[in-house]
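Take a look at the structure below.
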Protein chains: 2
Amino acid sequence: MYRPEIKVLDCSIRDGGLMNKWQFSDDLVKASYQALCAAGVDYIELGYKASKKMFNVEEFGKWRFCADEDVKNVLGDLKDSSKLACMVDIGRVEDEDILPVNDSIFDMIRIACYVKDVSKGIALAQKIQEKGYETTLNLMAVSTNLEREIDEALIEVSRSEIPCVYVVDSYGNMYSEDINFLVKKYQHFCPGKTIGIHTHNNRQLAFANTIQAVIDNANMLDASIYGIGRGPGNCPIELLLTFLKNPKYSVRPVLQVIQDYYLPLSRQLEWGYIVPYMIQGVLNEHPRVAIAYRDSPDKDDFVKFYDKLTTPEVMGK
Amino acid sequence: MYRPEIKVLDCSIRDGGLMNKWQFSDDLVKASYQALCAAGVDYIELGYKASKKMFNVEEFGKWRFCADEDVKNVLGDLKDSSKLACMVDIGRVEDEDILPVNDSIFDMIRIACYVKDVSKGIALAQKIQEKGYETTLNLMAVSTNLEREIDEALIEVSRSEIPCVYVVDSYGNMYSEDINFLVKKYQHFCPGKTIGIHTHNNRQLAFANTIQAVIDNANMLDASIYGIGRGPGNCPIELLLTFLKNPKYSVRPVLQVIQDYYLPLSRQLEWGYIVPYMIQGVLNEHPRVAIAYRDSPDKDDFVKFYDKLTTPEVMGK
């Protein structure tokens, strides 16, 4: 698929950090950054921007906070063609954490929120846009919302100045038919805005669902190196780059950083197609129960996990 | 998707055996068989039927040959609801290897051939049908054929009595749009015949492509336990069973056999999403070069592999 409007955003460090409290080595982040720039990836998301007052800096790595001075210390000398992004959650960042864009190493700040909090998300985005950043609104977990709620949220988004709104399959539950349905809906309610896509790989559908979104004219595509991300992870960027025909993209630098950093990392940190994540994807649930299970002695007892999650009296359904 | 005509065929032992010369323990095959019967899977393919004159019985396990007496010795006492299948390649089986169906433990014999050999494939299928078996014709590697060749082959198939013809993505190269195109084509040329789908998972599209085929009215679906199969493997049957709504299917017995047998096996035998297989899928090539590479000291040097396969003077392109 060649369409000049298509942009790729790598979320390896931000989404992958959910599995290791953002304790990545500077070397890994530098190598990722250089590889992604060489690969022609448009945006590189380095983590969450969050207040150091709200999270313990001993417990969480620097990519949990994305303080500008910390990021400049690691990447300052390398600044290359790709734009830098970070994500904020509503209520976890303070005004002082977000510098005016001209004083910041970041170009884009993405706002993540649930549908119920869309007004708060839009208000935060508005403030961030006023500081000069590009913004996107990432509406999480919409597979758990009623259509009426989604429609109302989209009407609010359509009235805002946020240029890009994301279809997010937080729980890795969607089929390509769901992606098609939602991308069309987002376009219908938000004409003129860019539609983004962020998928999870619980059911090995992250890449296929991203392709479906591209077919439906989504133009901001999230992906991650070797699929790193929470639980089952995201759409592998090496797959996405082989699909896109835009001549600016190149997969080779990504293969290099996989073999140098992410393959070794995958032997210490777990993500990918793992049965408990698949089960929670099927059930349209947050992966937190599976993540805890994978850290227990029963981690490979898939039937016990399945029974636990599908027995109504246990789960309070 | 609920459609009563849909049948699922498990090819774990047959396709997975391509990675270990069919040296599966009897226990694993028995447990797989029992789990798949309990899961409601319609057909279980146990291997290739081949002449013991043509392959060394010391080197290859019994599922390379699928001699009726050997299979009866392992499964005879368990015979349950699912039908048993095996596959034959043209030129690798003799008439005497195929008993009349009433003397055989098998219900179905599938004939695999390339498009260039379709006449031979049809002739063999005809002979096998005359012995009373259900048959399918699996046209391999069609992603490397010109459309004209495929059309000619399908015209021949349409004139035969073979009730089922498969779209086979041997090299894991196809997108859902290719699946849609081919399933529609097969239906156009072979009205009234069942269309089957057999995918490979080089690009994490095996499940998504199987779903696409279902949407397009394919009714014979190949899949395998935990995705086992040559190289990247096949569509994981545990994913497929969660997608299909037919009440006869149940995923739980498959989860049990994964944790008891296939997860441990996956620590000794390699299959799944592995970068060299991904690269060969993108390049629309047989995985044999990647399989050999994964057995070499350079196995994790993905860039070297990529360069080797994409340098025209090396590959003689």
(request) Note the distances from A:Asp151 to each other copy's matching label point, with points 7 Å along the Cα-to-beta-carbon direction, in nm, sorted shortest first. (result) 4.6
(message) How far, in nm to one decimal, is B:Arg267 from itself in the other copies if the label point is set 7 angstrom along Cα toward Cβ? Shortest first, please.
(response) 1.6
(request) Compute the distribution of all C-alpha to C-alpha distances in chain B, in bins of 20 Å from 0, and list the percent of pairs in each, rounded to whole numbers. (result) 33, 61, 6
(message) Need one word for segment B:82-213: rounded, prolate or oblate. Basis is the Cα gyration tensor (sqrt eigenvalues a ≥ b ≥ c); a/c below 1.5 gives rounded, then a/b vs b/c decides.
(response) prolate
(request) List the lysines whose Cα lies under 16 Å from the Cα of A:Lys127, skipping any in the same chain that are fewer than 8 positions away. (result) A:Lys49
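For B:Ala123 and B:Glu270, what does the FRET efficiency come to when R0 = 51 Å and r is the distance between their Cβ atoms, rounded to the nearest 0.05? Each step should come with its number before you reach the end.
Values: r = 37 Å, r/R0 = 0.72.
Efficiency, rounded to the nearest 0.05: 0.90.
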(message) List the pairs from B:Lys52/B:Lys79; B:Lys30/B:Lys72; B:Lys30/B:Lys62; A:Lys299/B:Lys30 whose alpha-carbon separation is above 18 Å, in the order I gave them.
(response) B:Lys52/B:Lys79; A:Lys299/B:Lys30
(request) Sequence neighbours fewer than 8 away in the same chain don't count; with that in mind, list the aspartates and glutamates whose C-alpha is under 18 Å from B:Lys245. (result) A:Glu177, A:Asp178, B:Glu5, B:Asp10, B:Asp42, B:Asp216, B:Asp222
(message) So the label point sits 7 Å from Cα along the Cα-to-Cβ vector; using that for A:Asp298, what distances do you get to the other copies, in nanometres, sorted shortest first?
(response) 4.7
(message) Suppose R0 equals 35 Å. What FRET efficiency, 1/(1 + (r/R0)^6) with r the Cβ-Cβ distance, do A:Val57 and B:Thr310 give to the nearest 0.05?
(response) 0.20
(message) Lone cysteines in chain A, defined as no other cysteine's Cβ under 4.7 Å from theirs: which are they?
(response) A:Cys11, A:Cys37, A:Cys113, A:Cys164, A:Cys190, A:Cys235
(message) Using amide H atoms built in the peptide plane, which far-off residues or other-chain residues are under 5 Å from B:Val167 H to H?
(response) B:Gly196, B:Ile197, B:His198
(message) Distance between the C-alpha centers of segment B:33-80 and segment A:189-251? Whole Å please.
(response) 41 Å
(request) Be a star and scan segment B:180-208 for residues whose amide nitrogen sits under 17 Å from the point 7 Å along the Cα-to-Cβ vector of A:Asn180. (result) B:180-185, B:207-208
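For the protein assembly as shown, what value does the Rg/Rh ratio take when both radii are computed over Cα atoms and Rh is the Kirkwood radius, given to two decimals? Intermediate values should be presented prior to the final figure.
Working: Rg = 25.6 Å, Rh = 25.8 Å.
Expressed as Rg/Rh, it is 0.99.
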(request) Check cross-link reach from A:Lys185 to the lysines: straight Cα distance under 16 Å, and skip same-chain residues fewer than eight apart. (result) A:Lys193
(message) Give me the tail of P(r) for segment A:208-317 as a percent: Cα-Cα pairs with distance above 16 Å.
(response) 66 percent
(request) Only helical DSSP H runs with n ≥ 4 go in: add -39500 (n - 2.57) per run for chain B, normalise by residue count and round the 222 nm mean residue ellipticity to 500 deg cm²/dmol. (result) -10500 deg cm²/dmol
(message) Residue by residue through B:39-49, how many Cβ atoms from other chains fall within 10 Å of the Cβ on average?
(response) 0
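Counting only GluC sites (Glu not before Pro) that are in a DSSP loop and have at most 14 other C-beta atoms within 10 Å, tell me the longest site-free stretch of chain B. Don't skip to the end; give the middle numbers.
Working: sites that count: B:Glu5, B:Glu58, B:Glu59, B:Glu94, B:Glu161.
Looking at chain B, B:162-317 is the longest stretch - no exposed GluC sites (Glu not before Pro) with at most 14 other Cβ atoms within 10 Å.
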(request) Find the centroid of the Cα atoms in segment B:277-291 and in segment B:1-18, then give the distance between the two in whole Å. (result) 23 Å
(request) Assuming a ≥ b ≥ c are the square roots of the Cα gyration tensor eigenvalues, decide whether segment A:275-315 counts as rounded (a/c under 1.5), prolate (otherwise, with a/b larger than b/c) or oblate. (result) oblate
(request) Mind checking which chain B residue has its Cβ closest to the axis relating B to A, and how many whole Å off it is? (result) B:Ala208, 2
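Each reported figure results from applying straightforward, stated rules to the coordinates on display, with no laboratory input. Remember, predicted model here, so these are calculated numbers, not experimental data. Don't worry about glycine lacking a Cβ; one is built from the backbone with ideal geometry, like all the others, and counts go over all protein chains shown.
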